[in-house]
């Protein structure tokens, strides 16, 4: 199943994101479940959240993945949403 992980960073947390970015990208590469991903940008063009599309067996797998993401472990996120997602175009 495809799942969308949608996050919003805590205010003023850009440095946390930057400090953990390499570990986050390595985690994506190591786990092999992410089909596409990228940051949301604020009005100034700075990263302020993420959308990650994963292909996993269950929502619980996506939750476990999200909890083990280095960004989450560093306390980056204010909000996290995980929802099943259906690809229609692309």
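No value in this document is a laboratory result; all are computed from the given coordinates. In this text, all values refer to a predicted model and were calculated from it rather than measured experimentally. Positions of Cβ are generated from backbone atoms using ideal geometry, with glycine treated the same way; all protein chains shown enter the neighbour counts.
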How many residues are touching a helix residue (DSSP H, G or I) at 6+ places or on another chain (Cβ under 8 Å) and over 16 Å from residue 72 (Cα atoms) if we restrict to the range 35-53?
-> 1
Which residues, counting only those in the range 1-18, are closer than 15 Å to residue 76 by Cα and surrounded by 14 or more Cβ atoms within 10 Å (Cβ to Cβ)?
-> 5, 6, 7, 8, 9, 10, 13, 14, 16, 17
Filtering the range 19-55 down to residues that are assigned to a loop (DSSP other than H, G, I, E, B) and without any contact (Cβ under 8 Å) to a residue 12 or more places away in the chain, which residue is surrounded by the most Cβ atoms within 10 Å (Cβ to Cβ)?
-> 42
Members of the range 56-90 that are in a strand (DSSP E or B) and under 11 Å from residue 5 (Cα atoms) = 79, 80, 81, 82, 83, 84
